[in-house]
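What follows is a single structure, written as structure tokens, with notes after it.
The values are calculated or read from the model by the stated rules, or taken from the named source; none is laboratory data. Quick caveat: nothing in here was measured; it's all calculated off a predicted structure. Please note: Cβ atoms are built from the backbone with ideal geometry, for glycine as well, and neighbour counts cover all protein chains shown. For the accessible areas, the whole protein counts, side chains as well, though only heavy atoms, and no ligand, DNA or RNA atoms are used. Shrake-Rupley method; radii C 1.70, N 1.55, O 1.52, S 1.80 Å.
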Amino acid sequence: MLIRKAADLTYADITPKSVYLDRRKFLRAMGIAGAAAVAGRSLFELATPAQTAFAGTKLSGLAKSPFSTTEKQNSYEDVTHYNNFYEFGTDKSDPAKNAQKFQTSPWTVSVEGDVAKPRKFTMDEILKIAPLEERIYRHRCVEAWSIVVPWIGFSFHNLIKLVEPMPKAQFVAFQSYYDPRQMPQGRGAGIDFPYVEGLRMDEAMNPLTLLCVGMYGETLPNQDGAPVRMVIPWKYGFKSIKSLVKIKFQSKMPPTTWNLSVPNWYGFYSNVNPNVDHPRWSQAKERRLGEIFKRNTLMFNGYGDQVVSMYNGMDLKKNF
Ligand SMILES: Nc1nc2c(c(=O)[nH]1)N[C@H]1C(S)=C(S)[C@@H](COP(=O)(O)O)O[C@H]1N2
Ligand SMILES: [Mo]
């Protein structure tokens, strides 16, 4: 096996085109992983024993997205310490504490079902599907709080095209990773795992639907769904499934975790809608984290121009 010293490696040897590691963090990760292990191993595998160093790996060369909001971003501190990730506990502060040792490398995402080209993607392969963009989106939780986050990723349709769905693929089912040994806090969460979600095919193809690998210029922190998650900004936050391991194309509407748990509270569509209240939280207003006064919630979370045509003729009170 060819063994090269860290100093001899060029970025081109180890990184996909649009992704460049911050040099200091890379060398730190290398130090722990061991330079001798480099040859033939992937960028993500390299970081295995040094996951905490890798979780904060800088992603640069990001394209700016026309879909970004110009609203004030929330702080990194807010977005990484006020989380819903029930596998790691139900308190907003639990994921930041309990997900620190979550092993996210190596990682593969299996894409299957009604597609001509089913396959598994490694994280390195996912990072090469399309150029990474920064997308600053509003994110609205059904619990009536919201945040503005500079996510990093690319439109999910780029992945869809690679696997060539068949005409009978009308829906996409998503599944999160679940390992009760790494996620013991999930046992008391009161919902079933693995966490599952779904989209209709046209929703999955909408350019706003983001396959997300990072935030704030870095790879995703564990508590925000490392190493890869969905972000669907016109729907309530629970649709944006974290730590994805399986994507399945199918003809039937897939079950979703919160709908399975409390069907009359959580529908399949879950589009942000200030006119349809949830039994526990009025959806008319929301509190942006870090602000005192509530603001009005916008239909489709303010993304109506890009999404309303998908729901023409549908009664959005019935299809909540
Ligand atoms: N696997 C999984 N994905 C999940 C959740 C979860 O508990 N488990 N919570 C959802 C909810 S309710 C919200 S509001 C968002 C929160 O994302 P954030 O913590 O990155 O802001 O993740 C969603 N994705
Ligand atoms: Mo949420």
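Taking 0.36 nm per residue of separation and subtracting the current Cα-Cα distance, fully stretching the chain between residue 120 and residue 178 would add 19.1 nm. A compact globular protein would have a Cα radius of gyration near 2.2 N^0.38 Å; the ratio found for the stretch 55-255 is 0.96. For the stretch 202-214, backbone phi angles converted through the Karplus equation (6.51, -1.76, 1.60; θ = phi - 60°) give residue-by-residue couplings of 5, 5, 5, 7, 4, x, 5, 5, 10, 8, 10, 10, x Hz, Gly and Pro being listed as x.
Bridgeable lysines around residue 97 (alpha carbons under 18 Å apart, same-chain partners fewer than 8 residues away excluded): 242. Around the amide H of residue 115, modelled in the peptide plane, lie the amide H atoms of 166, all under 5 Å away and 5 or more residues distant in sequence or on another chain. Placing a pseudo-label 7 Å from each Cα along the Cα-to-Cβ vector at residue 70 and residue 245 gives an inter-label distance of 4.4 nm. The accessible-area ordering, largest first, of the residues 269, 177 stands as 177, 269, per a 1.4 angstrom probe.
Could you tell me which of the pairs 128/239; 120/239; 101/294; 252/318; 92/120 are separated by over 27 angstrom between their Cα atoms in the structure shown? In this structure, 101/294; 92/120 exceed 27 Å between Cα atoms.
The simple Förster model, with R0 at 30 Å and r as the Cβ-Cβ distance, assigns residue 319 and residue 157 a FRET efficiency of 0.85. Computed 3J(HN,Hα) for the stretch 145-160, one whole-Hz value per residue from the Karplus formula 6.51 cos²θ - 1.76 cosθ + 1.60 where θ = phi - 60°, is 10, 9, 9, 10, 10, x, 6, 10, x, 8, 4, 4, 4, 4, 6, 4, glycine and proline marked x. Put simply, the amide H of residue 246, placed in the peptide plane, has neighbours under 5 Å in 110, 175, leaving out anything fewer than 5 places away on its chain.
Roughly speaking, what is the stretch gain from residue 264 to residue 81, that is 0.36 nm per residue apart minus the C-alpha to C-alpha distance, in nm to one decimal? Can you show the working numbers first?
Details: separation 183, 0.36 × 183 = 65.88 nm, distance 2.99 nm.
Gain in length upon complete extension: 62.9 nm.
When the solvent-accessible area of the stretch 55-255 is split by element, carbon and sulfur atoms take up 53 percent of it, the probe being 1.4 Å. When only Cα pairs below 8 angstrom with a gap of at least 6 residues are kept, the stretch 63-130 shows a relative contact order of 16 percent. Full extension of the chain segment joining residue 281 with residue 92 gains 66.4 nm, where the gain is 0.36 nm per residue of separation less the Cα-Cα distance. Packing, as the average of other Cβ atoms within 10 Å across residues, places the peptides 309-317, 281-289 in the order 281-289, 309-317, highest first. Listed values for the stretch 180-186 are Karplus-derived 3J(HN,Hα) couplings in whole Hz (6.51 cos²θ - 1.76 cosθ + 1.60, θ = phi - 60°), namely x, 6, 8, 10, x, 5, x, and x replaces Gly and Pro.
Largest first, the residues 119, 138, 280 sort by 1.4 Å accessible area into 280, 119, 138. When all protein chains stay in place and ligands, DNA and RNA are ignored, the 1.4 Å accessible-area order of 109, 276, largest first, is 276, 109. Between the amide H of residue 145 and those of 287, distances stay under 5 Å, these residues lying 5 or more places away or on another chain, with hydrogens modeled in the peptide plane.
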